[in-house]
There are 2 protein chains.
Amino acid sequence: MDVKIPKATARRLPLYYRCLVGLQSEGVERVSSTELSQALQIDSASIRRDFSYFGALGKRGYGYDVPKLLSFFKQLLNQDQLENVALVGVGNMGRALLNYNFKRTNNIRISCAFDVDETITNRIVSGIPIYEIGDLEKQIQDQEISIAILAVPAAVAQKTAEKLYEAGIRGIMNFTPTRLQLPAEVKLQNVDLATELQTLIYFLNN
Amino acid sequence: MDVKIPKATARRLPLYYRCLVGLQSEGVERVSSTELSQALQIDSASIRRDFSYFGALGKRGYGYDVPKLLSFFKQLLNQDQLENVALVGVGNMGRALLNYNFKRTNNIRISCAFDVDETITNRIVSGIPIYEIGDLEKQIQDQEISIAILAVPAAVAQKTAEKLYEAGIRGIMNFTPTRLQLPAEVKLQNVDLATELQTLIYFLNN
């Protein structure tokens, strides 16, 4: 599909998908933008605008057909195909991510992890093999992985990210507080927990 | 300070603050919006616009005075005062959060955690006391905490969030995939890892 959509819309697509999976499993056959709005806490005008980028998905006065809409989003988000991702850094956060069930809501799986700590490498933890960092390039290429989760200490974040780029990674979910400097073709998603919490505090105080 | 600023600007304030802490520690005395832009990977027009909401923070052709700007943001973000937050749910993710150093970049500390698992309650883990869930209201009120991190299983997320609201919590950082339904006065920050990763995959494929 070759539709140019705003970043904010793209961010909401997985939420729509997940909500529709829930509705489908409850046997709901059609849904209005108002009902979607209540379930997702996104205003219904935004929902209608988001959907309008993809043409006529619903009918005025009828709403949206759940199975049809679900199958549309499933294809759009490529949910038929399992997406394997790599995890780099198996510290406290990395270990929590190994146990995080990405498959429950989305068709994503951590298929390999990497660390420098020899007491955990070459072992299987929570069902996932932990490789030495020296195996990174080979595994990423063998497994044709293009997305990595970065959960290493901040001091080695930039260096590790460059290694990932050289190995062929083009999307990084960055759990470190480091602002990574990488070629523009690499898509970055920063999950900066202290900043998120600080923003929440700011909103609460102001 | 009583300035009405856009949400996107508010989200960037902690990033500015952290960057300035770094510059100050390196002995940098002044900085241009272009230099900030490179360090933060935020375009310099946005930076100048963000700063303009707070009046004349810099001088044309000179840039920004680092110590002055830092002290301004420090006050704005209330960084002089330690902010205590509660953690609810000490599973894999909760445990990682207990070990996450929020104090390194921001003046935030988890001062108490809560769980239902009797094998870990009434103990101190990573320096933080883990209380039974029955102690939640008393501790939150005694410690005058208004912000909580929610890391419980999805099935009990809504129920637990309501308990938090009744105990006086007005800001929740939500690590569960549940879209919480709470009174409008409660500020929510969703950290939905599967959705973040799915969005990254979508951007990479399109």
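The values are calculated or read from the model by the stated rules, or taken from the named source; none is laboratory data. Remember, predicted model here, so these are calculated numbers, not experimental data. A quick note on method: Cβ atoms are made from the backbone with ideal geometry, for glycine too, and the neighbour counts reach across all protein chains shown. Heads up: the accessible areas ignore ligands, DNA and RNA and are worked out on the full protein's heavy atoms, side chains in. Shrake-Rupley method; radii C 1.70, N 1.55, O 1.52, S 1.80 Å.
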What nm distances, shortest first, do you get from the label point of B:Gly22 to those in the other copies when the point sits 7 angstrom along Cα to Cβ?
3.7
For the stretch B:127-194, just the Cα atoms, rotate onto the principal axes and tell me the three extents in Å, largest first.
33, 27, 19
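Given the Cα atoms of the stretch A:68-204, and with Rh set as the inverse mean 1/r over their pairs in the Kirkwood sense, what is Rg to Rh to two decimals? List each step's numbers first, then the result.
Working: Rg = 15.8 Å, Rh = 15.9 Å.
That ratio is 0.99, to two decimals.
Could you compute the net charge surrounding A:Val191? Neighbours are other residues with a C-beta less than 12 Å from the C-beta of A:Val191; K and R count +1, D and E count -1.
Neighbour charge sum, excluding A:Val191 itself: -4.
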So what is the relative contact order for the stretch B:46-117, in percent, with contacts set as C-alpha pairs under 8 Å and at least six apart?
29
Which one of B:Asn106, B:Ala86, B:Gly134 has its Cα pushed farthest toward the positive end of the charge dipole of the stretch B:79-147, where Lys and Arg give +1 and Asp and Glu give -1 at the Cβ?
B:Asn106
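What is the stretch B:1-123's relative contact order, in percent, from Cα pairs under 8 angstrom and six or more apart in sequence?
On the way: 106 pairs, mean separation 28.7, N = 123.
Relative contact order of the stretch B:1-123: 23 percent.
Other chains near B:79-87: what is the mean number of their Cβ atoms within 10 Å of each residue's Cβ? Before the final figure, lay out each step's value.
Numbers: counts 1, 0, 0, 0, 6, 0, 3, 0, 0.
Mean partner shielding for this stretch: 1.
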Which lysines have a Cα lying under 16 Å from the Cα of A:Lys103, excluding residues fewer than 8 positions away in the same chain?
A:Lys74
Tell me, what is the percent relative contact order of chain A, built from C-alpha pairs under 8 Å that lie six or more residues apart?
13
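Which shape class applies to the protein assembly as shown: rounded if a/c is under 1.5, otherwise prolate when a/b exceeds b/c and oblate if not, where a ≥ b ≥ c are the square roots of the Cα gyration tensor eigenvalues? Before the final figure, lay out the partial values.
On the way: a/c = 1.17, a/b = 1.15, b/c = 1.03.
Because its axes are fairly even, with a/c under 1.5, the protein assembly as shown counts as rounded.
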Among B:Ala45, B:Ser32, B:Leu97 - extreme Cα towards positive end, dipole of the stretch B:7-101, charges at beta-carbon
B:Ala45
If the label for B:Asp43 sits 7 angstrom from Cα along the Cα-to-Cβ line, what are its distances to the same label in every other copy, in nm to one decimal, shortest first?
2.4
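Among B:Asp192, A:Asp43, B:Asp135, what's the order by accessible area (1.4 angstrom probe), most exposed first? Before the final figure, lay out the partial values.
Numbers: B:Asp192 15, A:Asp43 85, B:Asp135 55 Å².
From most exposed to least exposed: A:Asp43, B:Asp135, B:Asp192.
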So which GluC sites (Glu not before Pro) in the stretch B:1-100 end up in coil per DSSP with only 14 or fewer other C-beta atoms within 10 Å?
B:Glu26, B:Glu29
With respect to the symmetry axis carrying chain B onto chain A, which residue of chain B exhibits the smallest Cβ distance to that axis, and what is the value in whole Å?
B:Ala96, 2
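How many partner chain Cβ atoms sit within 10 Å of a residue's Cβ in peptide B:13-19, on average, as a whole number? Display every interim value, and only then the final one.
Numbers: counts 4, 9, 7, 0, 2, 6, 1.
Average per residue, whole number: 4.
Could you work out, residue by residue across B:137-149, how many beta carbons of other chains sit within 10 Å of that residue's beta carbon, and then give the average as an integer? Could the numbers behind the result be given before it?
Details: counts 0, 0, 0, 0, 0, 0, 0, 0, 0, 3, 4, 0, 4.
The per-residue average across the peptide is 1.
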Starting from a label point 7 Å past Cα on the Cβ side, list the distances from B:Gln143 to the same position in the other copies, nm, shortest first.
3.7
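What is the packing order of peptides A:156-163, B:75-82, A:73-80, taking the mean over residues of other C-beta atoms within 10 Å and listing the highest first?
Details: A:156-163: 18.1, B:75-82: 14.4, A:73-80: 16.5.
Descending mean neighbour count gives A:156-163, A:73-80, B:75-82.
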Which lysines have a Cα less than 20 Å from the Cα of B:Lys187, not counting those fewer than 8 places away in the same chain?
B:Lys4, B:Lys7, B:Lys159, B:Lys163
HN-Hα couplings for the stretch B:6-20 via Karplus (6.51, -1.76, 1.60; θ = phi - 60°), in whole Hz with x for Gly/Pro, come out as x, 4, 5, 5, 4, 5, 8, 4, x, 5, 4, 4, 5, 4, 5
